[in-house]
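The next block holds one structure in the form of structure tokens; read it before the comments.
The values are calculated or read from the model by the stated rules, or taken from the named source; none is laboratory data. Because the structure is a prediction, the values reported are computed rather than measured. Methodologically, a virtual Cβ is constructed for each residue, glycine included, from the backbone with ideal geometry; neighbour enumeration extends over all protein chains shown. When the accessible area is computed, the model is the full protein with side chains, heavy atoms only, and any ligands, DNA or RNA have been set aside. Shrake-Rupley method; radii C 1.70, N 1.55, O 1.52, S 1.80 Å.
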Amino acid sequence: MKIYDGGKIFVGLIIFVGLVTSPFFFNRGKSNIVRDPKAAQMMQSMGLQCVEPKAFMLPNHMQLLDEWRDSVVRKGNRLYKASDGKNYVMSFQNTCMNCHSDKNESCNACHNNLAIKHTCDGCHNSIAVKPYCWDCHIAPKEKKS
Amino acid sequence: MSMNRREFLKIAGISTIAGIGGTALAIGLRKGVLDAAQTAPDTGALTGKRWGIAIDMNKLKSEENIKRVTDACHSIHNVPDFSNTKDEVKWIWTETFEHSFPGQEHKFMPEDMKRKPFLLLCNHCDNPACVRVCPTKATFKRKDGIVMQDMHRCIGCRFCMAACPFGARSFNYRDPRTGLNPEKINPEFPTRTKGVVEKCTFCYERLAKGIKPACVEESNGALVFGDLDDPASEIRRILASKYTIRRKPELGTEPNIYYIIGGNDYAVVPEIK
Ligand code: SF4
């Protein structure tokens, strides 16, 4: 089998594939999601704790929120029994945002002390997802620090 | 490879079954992150089977009375005010008798009745036309009778607005946040977004905490809220002792908002034997 203009075609193909995949190579290893195990420990020692462990929440919070929403809006069940047995009111605006109070800047003084940025938008922006929760749910007023 | 028609059809059939069955299986096996036992209703919630309100028009004496009621609802639910009827969003509002109960008016009726503003809101109908037409089930009937809105599902098609014979629904033509005073936004309740339909929700968020709807609370007894399926409830006793009318009952949506029009305050509410 002979491919006419094979050389040109293959060179072109390689350049094309290179261009298309270049963003992946450029961004490799870059991430502004800072994961600091110390932060989680510190939160816990201060009695601050999310409804489920961080290891579960980081990858699963969107499913959890989705199911909370269905449970509250469609079934009228508003209480959530966490895996540690504690009860929470399932409310994005009134429960989650009590602690995750500042979606743009650093979460709280604790995180500032540790000089890490663990923010809702920090993570969402870096993985390029744009949740539109805040079109309706009111984000608490951002603290000017 | 050659294949006859019969073999081809067999393979096609088997692939179809495998495809459909496989998808169904995959969906069936996909588990949520919560299990059902993890969620429960609020312990102190008000529960009922068919919530309704009886509105005693004799007790809504002044415009201020009525304004207090409508303002209470609109402020806690972050209902925007654009000060023009085209973009208006309303959960509870007023109309004249003639517009509220078309066909019931006549020229000899009391003058003040003709002019009086009647308090209107979603009727949380037993047979809601809005729910029947909603293509996404964004609006649905809850077990307690509330006709609920799931804003996450609303696609803004406005079928419900066309279907509702009571004008109870409003469309967000503009970003509602531009019609709200940022100082006065209730941080505990969401706003809506541009492009969705909204209406009264019977204060489901307050019922869950065990308190009555805001309009009822602000009305000084003119609005009585209760379970129409409970014969011992105050609202049932009022309906049994007073003549009441509903809006457009001939349309068959079975509204659950009752109006006491004439007569004096109900003097004696008969006890249940
Ligand atoms: S009054 Fe209109 S919006 Fe409310 S339940 Fe009846 S049909 Fe639906």
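Using the structure shown, select from B:K59/B:K86; A:K86/B:K194; A:K81/B:K143; B:K59/B:K107; A:K130/B:K212; B:K141/B:K209 the pairs with a Cα to Cα distance greater than 27 angstrom. Violating the 27 Å Cα-Cα cut-off are B:K59/B:K86; A:K86/B:K194; A:K130/B:K212.
Considering only B:A12, B:A40, B:A162, the Gaussian network model of chain B with Cα springs below 10 Å gives its largest mean-square fluctuation to B:A12. Can you give the local net charge around B:F225? Use residues other than it whose beta-carbon is closer than 15 angstrom to its beta-carbon, Lys and Arg +1, Asp and Glu -1. Once all neighbours under 15 Å are counted, the net charge is -1. Relative contact order of region B:123-273, please, whole-number percent, based on alpha carbon pairs below 8 angstrom and at least 6 residues apart. Relative CO of region B:123-273 lands at 22 percent. For the protein assembly as shown, the Kirkwood radius over C-alpha pairs fed into Stokes-Einstein at 37 °C and 0.692 mPa s yields D = 127 µm² per second. Heavy-atom accessible area, probed at 1.4 angstrom with all protein chains present, ranks A:I138, B:I211 as B:I211, A:I138, highest first.
Buried surface for the B/A pair, taken as the accessible area of each chain alone minus that of the pair with a 1.4 Å probe, is close to 2500 Å² in total.
Computed with every protein chain present, the accessible area of B:D35 is close to 90 Å² [probe 1.4 Å]. Under the combined filter of DSSP loop state and at most 14 neighbouring Cβ atoms within 10 Å, region B:79-156 retains these trypsin sites (Lys or Arg not before Pro): B:K86, B:K107, B:K137, B:K143.
Dipole of chain B computed with +1 at Lys/Arg Cβ and -1 at Asp/Glu Cβ about the Cα centre; of B:M151, B:C122, B:P255, farthest Cα towards the positive end is B:M151.
How would B:M151, A:M62, B:M3 rank on accessible area, largest to smallest, probe 1.4 Å?
So, going from the largest accessible area down, we get A:M62, B:M3, B:M151.
B:K209 sits with roughly 120 Å² accessible to a 1.4 Å probe, with DNA, RNA and ligands left out of the calculation. With Cα atoms defining each centre, region A:12-29 and region B:1-61 are spaced 41 Å apart in the structure. Ranked by solvent-accessible area (1.4 Å probe, protein heavy atoms only, all chains present), the residues A:Y80, B:Y173 order from largest to smallest as B:Y173, A:Y80. Peptide A:74-83 has a mean of 6 when you count, residue by residue, the C-beta atoms of other protein chains within 10 Å of its C-beta.
Along its three principal directions, the equivalent ellipsoid of region B:32-265 from the Cα gyration tensor extends over semi-axes of 28, 22, 18 Å, largest first.
Can you check what the net charge comes to around B:G48, using other residues whose Cβ is under 9 Å from the Cβ of B:G48 (Lys, Arg +1; Asp, Glu -1)? Once positives and negatives cancel, what remains is -2.
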